[in-house]
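Novice: This structure is in structure tokens; I'll ask about it shortly.
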Amino acid sequence: MEMPISFKEFSKDPVKGLLFLVVLAVGYLYIDNKMNYISQIDKCSINVEQLTKKVDLLDERLKKSDSTLARAAAKLELLDQIKGLK
């Protein structure tokens with residue numbers, strides 16, 4: 001594989017060679033950063049799905065708890081009314 005810039009050209013004008021290397025490094029860092037963000041987004045999507053399932057389960061349990069509490073409160077009120085009649 002031939003290099004796009006030879007050593008002779010680099011020694012004559014090192015700024016061009018360094019700029020070429022800088023462009024390669026920036027390109028690599030850009031691609032690496034983009035791939036990192038994609039993997040983070042995938043991980044966050046999995047976490048969001050898991051947390052959504054947990055929220056749905058807790059919401060269902062809360063509804064059951066509320067209905068049980070309402071039933072118990074109604075029974076207690078009925079018992080208080082029966083005590084008052086005696």
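Novice: If you average the alpha carbon positions of the stretch 55-72 and of the stretch 17-32, how far apart do those two centres end up, in angstrom?
Specialist: 58 Å
Novice: Which lysines have a Cα lying under 22 Å from the Cα of K63, excluding residues fewer than 8 positions away in the same chain?
Specialist: The reachable lysines, counting only those whose Cα sits under 22 Å from K63, are K53, K54, K75.
Novice: Of (1) 39, 31, 24; (2) 51, 43, 27; (3) 112, 22, 8, which is the value of Cα extents along the principal axes in Å derived from the coordinates here?
Specialist: So the calculated entry is the one marked (3).
Novice: If you fit an axis through the alpha-carbon atoms of helix 14-85 and take the longest principal axis of the Cα set of the chain, what angle between them do you get, 0 to 90°, nearest 10?
Specialist: Taking the Cα atoms of the chain, the angle to 14-85 is about 0 degrees.
Novice: Moving on. Which lysines have a Cα lying under 29 Å from the Cα of K16, excluding residues fewer than 8 positions away in the same chain?
Specialist: Within the straight-line cut-off, K16 pairs with K8, K34.
Novice: Report, in deg cm²/dmol and to the nearest 500, the calculated mean residue ellipticity at 222 nm for the chain, where each DSSP H run with n ≥ 4 adds -39500 (n - 2.57) and the sum is divided by the residue count.
Specialist: Working: 2 runs with 78 residues, N = 86.
Calculated mean residue ellipticity at 222 nm is -33500 deg cm²/dmol.
Novice: Determine the gain in length on full extension of the stretch F10-L76; use 0.36 nm per residue of separation and subtract their C-alpha separation, reporting nm with one decimal.
Specialist: Working: separation 66, 0.36 × 66 = 23.76 nm, distance 9.17 nm.
Separation in residues times 0.36 nm, less the Cα-Cα distance, equals 14.6 nm.
Novice: Which order do the peptides 13-20, 37-44 take when ranked by the mean count of other beta-carbon atoms within 10 Å per residue, highest first? List each step's numbers first, then the result.
Specialist: On the way: 13-20: 12.1, 37-44: 9.9.
Going from most to least packed, we get 13-20, 37-44.
Novice: Quick one: net charge of K53's neighbours, Cβ under 14 Å, K/R +1, D/E -1? Let's see the in-between values first.
Specialist: Numbers: positive: K54, R61; negative: E49, D56, D59, E60.
Result for the local shell: -2.
Rule-based calculations on the coordinates, nothing more; no lab input. Nothing here was measured: the structure is a model prediction, and the numbers come from that model. Note that each Cβ is placed from the backbone with ideal geometry, even for glycine, and that neighbours are counted across all protein chains shown.
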